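What follows is one structure encoded as structure tokens, with my remarks underneath.
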Amino acid sequence: MKDLVVRLSALDPDAGAAVRVIAYFDQLVDARAGLATIVRGAAVLAGCPARLADRERGVDLRVGSDGRRGAPDGPPDPSWLSTPVAAGGSAVLWLERPGPAGPVEVLIDASAPPEARRHAARSLGLPESGLARAVALEGGGARIAPATDGRDQEPWNPGHGPGAAAIAPRAGVGTAVPVLSLPASWNAARTALRLTAEGTDEDPGPRVVYADEMGGLALLAGNVGPATPPIPDVLALEQAAAAAPWMLSTLYAVATTASLRAAAAALRVHHSTLQDRIVHAERLLGWPVREPQGQFRLHLTLVLHRLRHHPAESGT
Amino acid sequence: MTTTSVPAGSTTTPIGPPPPFDPELAAALAAMGDLLPRELTLDLIPAMRQPNPRMPRLSDDDLRRGGALELTERLVPGPQGAPDVSLLICRPAGVTTPLAAIYHIHGGGMIIGDNRTGLPPMLDWAEEFRLVVVSVGYRLAPETPHPGPVEDCYAGLAWTAAHSGELGIDPDRIVVAGGSAGGGLAAAVALMARDRGGPALAGQMLMCPMLDDRNDTPSAVQMAGLGVWDLAANHTGWTALLGEARGGPDVSPYAAPARATDLSGLPPAFIDVGSAETFRDEDVTYASRIWQAGGVAELHVWPGGFHGFAMVPQAALSQDAMAAQLSWLRRLLSD
């Protein structure tokens, strides 16, 4: 309960009110009030529905902000505030609202006072003298990972908690910077995120992009968006894509591999099949894609196409 | 067990420690803390009447409930030789057929409040049952001692019943309702209507009513210094209304309905009260005496409830108490 109380108090800028909230729960606990009473207190004080879920005991209790009990409608949303009721136990208390600005949000916020950012860095265990990267996740999430000089191991994956994912999420990884410069790393990470793709036939490309490796594409990303009128090459690519389901993934393989043999291997098709596809694609695009110049023109077109479909997300 | 000697006039059964507050209500009471005065004395009355930013007065828009209710304020003749009485009338919008009505008398210990105090539950009922709420603004003690306040309430009720056609109210379905001091005044106007051949009331809804100026029941003694509206506050309220006469031999039942010797011929009563409040015993006694006189009463004593515990509306006990009020009204009005 203690953790919940601290979080509740963090929502309220009035310190006096926070003290009353803590006293309220302390008293309920002292009086051995029932679970429903405690969940009701959380819901009413937070002004949003609260839930207690305990798979082991088969408990699934939801109380509205008016204090009335009702049936949960679907599983809890991982973005909601939650806290285990007891260390090691299976009971989790949820508030049906996204969490307040945590230390990660503070560290990437250029308008946060330096002292607040230092405090946030300490709470994340990041030494002020060290380097770190901001990571922008698809859907607006943010992470911060300590950085080394090299390419860090899966900085997008916290490895624990509700965000741990079996497959890599789409992520833009920011530049490695001193922790107090993380807002700049965050901006770079968001740009890199726009250059990621689903990694499917319809949207081929890398799921994770490092800002360190964007090169001149970062400049392009800063100037091209959904509102930019498409150049003829992009229109030609999109028409070609509509002609065959294999088109985009085939062209991506051709643009990003050193040889047609490597492209065929990446696509898991026979060399002759790839030859036939390329002849078809070149006719639709109107330029040869096998020579270095044409390959570069194709790669640029694929990137412009991606930027057209990935708007810059509103900042955190 | 600690025992306290009982003042004259009560039973001689030893009085135990105060019954415990309901845990959820106790935590809320502690959290409200400074919202409620520690010890209420007569000299604190002016301060208590000041606007409290944490308990803002309801605005007209609050009362209209997003257009569901139409709001009018009327000044109607008061008692003989006294100023007009202000009635706040909330009526479901667009309904022209005659409706049942709640004649609401606000609480506040006879010394504070106005005709917007305590209205939200009444407005819930107005929406739920499509009924009219008429809330009376009466003059307060100590500036206006007894019988001023209760005569104001009665004058407003008599005018409402006499003008039911104009107000779109079914005169056979008027229920007087009030909490705390308002509950005591509602009980009093029910006695006056009976004795004066006034409006035939459909019911009297007495929510934790303040009925007995003697202030010496076991519950009043047990809860001294605890909860909301304790022995000292109650002493202050009754003294404001009655002055030196408080607790003496010559108090009118229209001031303190517990003083009535005859509780027969009254409209059906709903009475609720907490087990951990000053008014517990006088309210239970009032219900018992209505039954003993052959009348109809429904009594709810909510365990561990302090005075006015419905001010914590989310608490389980409050939800059940409000549900009981609703179901009584439903039975009363859906005949």
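Observations
- The listed residue being at pLDDT 90 or above, part of a strand (DSSP E or B), within 22 Å of A:SER111 (Cα to Cα) and out of contact with any Cys (no Cβ under 8 Å at 6 or more places or on another chain), out of A:ALA145, A:ALA134, A:ALA184: A:ALA134
- Residue pairs meeting the criteria (Cβ under 6 Å; at least 6 apart or on separate chains; first facing chain B (nearest Cβ under 9 Å) and under 17 Å from A:ARG69 (Cβ atoms), in region A:20-48; second open to solvent by 50 Å² or more (accessible area, probe 1.4 Å) and not in a helix (DSSP H, G or I)): A:ALA43/A:SER65
- Residue match in region B:242-264 (condition: within 14 Å of chain A (Cβ to nearest Cβ), open to solvent by less than 40 Å² (accessible area, probe 1.4 Å) and not aliphatic (A, V, I, L, M)): no
- Scanning region B:47-63 for residues that are open to solvent by less than 80 Å² (accessible area, probe 1.4 Å) and either closer than 26 Å to B:ALA232 by Cα or part of a loop (DSSP other than H, G, I, E, B) (or both) yields a count of 5.
- Of the residues making up region A:60-74, those that are part of a strand (DSSP E or B) and either of a type in the set (Asp, Glu) or touching a Gly at 6+ places or on another chain (Cβ under 9 Å) (or both) number 4.
- Residue under evaluation B:PHE306, criteria (1) surrounded by fewer than 21 Cβ atoms within 10 Å (Cβ to Cβ); (2) in a loop (DSSP other than H, G, I, E, B), criterion not met: (1)
- Across region A:28-59, the qualifying residues are those that are among the charged types (D, E, K, R) and part of a helix (DSSP H, G or I), and the one among them that is nearest to the chain's Cα centre (by Cα) is A:ARG40.
- Verdict on B:ARG194 being part of a helix (DSSP H, G or I) and of a type in the set (D, E, K, R): yes
- Selection over region A:30-67 of residues that are surrounded by 15 or more Cβ atoms within 10 Å (Cβ to Cβ) and out of contact with any strand residue (DSSP E or B) (no Cβ under 7 Å at 6 or more places or on another chain) gives a count of 9.
- Residues that are open to solvent by less than 30 Å² (accessible area, probe 1.4 Å) and away from every other protein chain (no Cβ under 14 Å) within region B:313-329 comprise B:ALA324, B:GLN325, B:TRP328, B:LEU329, listed in sequence order.
- Evaluation of B:MET55 against (1) under 22 Å from the mean Cα position of the chain (by Cα); (2) closer than 20 Å to B:PRO149 by Cβ (one fails), failing number: (2)
- Members of region A:84-129 found to be in a loop (DSSP other than H, G, I, E, B), within 29 Å of A:VAL209 (Cβ to Cβ), in contact (Cβ under 8 Å) with a residue 40 or more places away in the chain and out of contact with any strand residue (DSSP E or B) (no Cβ under 6 Å at 6 or more places or on another chain), listed by number: A:ASP109, A:ALA110, A:PRO127, A:GLU128, A:SER129
- Under the condition of being open to solvent by 30 Å² or more (accessible area, probe 1.4 Å), under 18 Å from A:LEU298 (Cα atoms) and not hydrophobic (A, V, I, L, M, F, W, C), the residues counted in region A:201-228 number 6.
- In summary, A:ARG277 fulfils each of the numbered conditions (1) basic (Lys, Arg); (2) outside any loop (DSSP other than H, G, I, E, B); (3) open to solvent by 70 Å² or more (accessible area, probe 1.4 Å) with the single exception of condition (3).
- Filtered by the rule that a residue be acidic (Asp, Glu) and exposed (fewer than 15 other Cβ atoms within 10 Å of the Cβ), region B:64-83 gives a lone residue, B:GLU73.
- Filter pass, B:ARG289 being farther than 25 Å from B:ASP216 by Cβ, assigned to a helix (DSSP H, G or I), open to solvent by 30 Å² or more (accessible area, probe 1.4 Å) and out of contact with any Pro (no Cβ under 7 Å at 6 or more places or on another chain): no
- Unique match (being in contact with a Gly (Cβ under 9 Å, 6 or more places away or on another chain), more than 14 Å from every other protein chain (Cβ to nearest Cβ) and not basic (Lys, Arg)) among B:ALA310, B:ALA287, B:ALA269: B:ALA269
- Cβ pairs under 7 Å, 6+ apart, first in region B:53-80 and in contact (Cβ under 8 Å) with a residue 40 or more places away in the chain and among the charged types (D, E, K, R), second open to solvent by 80 Å² or more (accessible area, probe 1.4 Å) and part of a helix (DSSP H, G or I): B:ARG65/B:GLU127
Condition check ((1) open to solvent by 50 Å² or more (accessible area, probe 1.4 Å); (2) among the hydroxyl-bearing types (Ser, Thr, Tyr); (3) within 17 Å of B:HIS106 (Cβ to Cβ)) across all residues:
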{"position": "B:GLU128", "(1), (2), (3)": "yes, no, no"}
{"position": "B:LEU131", "(1), (2), (3)": "no, no, no"}
{"position": "B:GLY137", "(1), (2), (3)": "no, no, yes"}
{"position": "B:GLU143", "(1), (2), (3)": "yes, no, yes"}
{"position": "B:PRO149", "(1), (2), (3)": "no, no, yes"}
{"position": "B:TYR154", "(1), (2), (3)": "no, yes, yes"}
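- Subset of region B:285-335 (residues that are modelled with pLDDT of 95 or more, hydroxyl-bearing (Ser, Thr, Tyr) and over 26 Å from B:ALA224 (Cα atoms)): B:SER327
- Considering residues of region A:49-79 that are of a type in the set (Lys, Arg) and farther than 12 Å from A:LEU95 by Cα only, the residue nearest to the other protein chains (Cβ to nearest Cβ): A:ARG68
- Within region B:85-114, the set of residues being in contact with a helix residue (DSSP H, G or I) (Cβ under 9 Å, 6 or more places away or on another chain) and assigned to a loop (DSSP other than H, G, I, E, B) comprises B:ALA93, B:PRO98, B:HIS106, B:GLY107, B:GLY108, B:GLY109, B:MET110, B:ILE111, B:ILE112, B:GLY113.
The values are calculated or read from the model by the stated rules, or taken from the named source; none is laboratory data. Quantities reported herein were computed from a predicted structural model and do not represent experimental measurements. Here Cβ is always computed from backbone atoms with ideal geometry, including for glycine, and neighbour counts include all displayed protein chains. These area figures cover heavy atoms from the full protein model, side chains too; ligands, DNA and RNA do not enter into them. Shrake-Rupley method; radii C 1.70, N 1.55, O 1.52, S 1.80 Å.
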